[in-house]
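No lab work stands behind these numbers, since they all come straight from the coordinates. Keep in mind it's a predicted model, so treat the numbers as computed, not measured.
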Amino acid sequence: MKDIVRMKTSLSEEIEKLLNEQVRREAISSFNYMAISSWCERNGYVHSARFFELQSDEERAHMKKIFNYISSVGGTAIVPEITNIVQEFDSFKSVFEIALEQEIAITHSINNIVDKCYKAKDYTTASFLDWFINEQVEEEATARRCLEIFDLVGEEGVGKILIDREIGKTRGTAE
């Protein structure tokens, strides 16, 4: 039965493997953001904690979207095992630097999958991934904006409180 099902999908094993790895990357991103949210909460950055909680939810939605796509085209979607999520961070600013690095890595990964799709003439999956390409532009811009706020406000005195409030405004989480 498995061979018959495999014959009835246009998804190659290589692309399926790459998509399942992307599911894993999105899950790791979601968990990383949840850990950062917890760290922010513990350190009094309540708006940033909510910001990262929403980022975590968004990454989980991305993971589910890819997971469901794999299944819908007859592939085998794999639930990833995630371990070794960092729980402590060096500084308030560092969590945003981590976020930007993570988003850039996700962009590179999506671009790599799209490249492989075109080489394999899997235009259906490449088209599906167009949404993620556009989403990553937004994700990187948001992460960059958050880091710009640190440079504009400065971290001295009440700077961190002001930064936290401004971060909240980027996702509509500040009062």
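In a Gaussian network model over the chain where Cα atoms closer than 10 Å are linked, find which of 48, 109, 72 has the largest mean-square fluctuation.
Maximum among the listed residues: 72.
If I stretch the segment between residue 158 and residue 119 completely, what's the gain in nm (0.36 nm per residue apart, minus their alpha carbon distance), one decimal?
8.8 nm
Full extension from residue 57 to residue 131: what is 0.36 nm times the residue separation minus their Cα-Cα distance, to one decimal in nm?
The residue 57-residue 131 span can extend by a further 24.9 nm.
Please compute P(r) over all alpha-carbon pairs of segment 94-171, binned at 10 Å starting from zero, and give each bin as a whole-number percent.
Each 10 Å bin holds this share of Cα pairs: 18, 37, 23, 15, 7, 1.
Out of these labelled values of Cα extents along the principal axes in Å, (i) 46, 34, 27; (ii) 65, 27, 26; (iii) 53, 35, 25, which was calculated from the coordinates shown here?
Among (i) 46, 34, 27; (ii) 65, 27, 26; (iii) 53, 35, 25, the one calculated here is (ii).
From the mean inverse distance of alpha carbon pairs (Kirkwood) and the Cα radius of gyration, derive Rg over Rh for segment 28-94.
Using Cα coordinates only, the ratio equals 1.11.
Pairs of lysines 8 or more apart, or on different chains, with alpha carbons under 25 Å: count those in the chain, would you?
Going through the chain pair by pair, I get 24.
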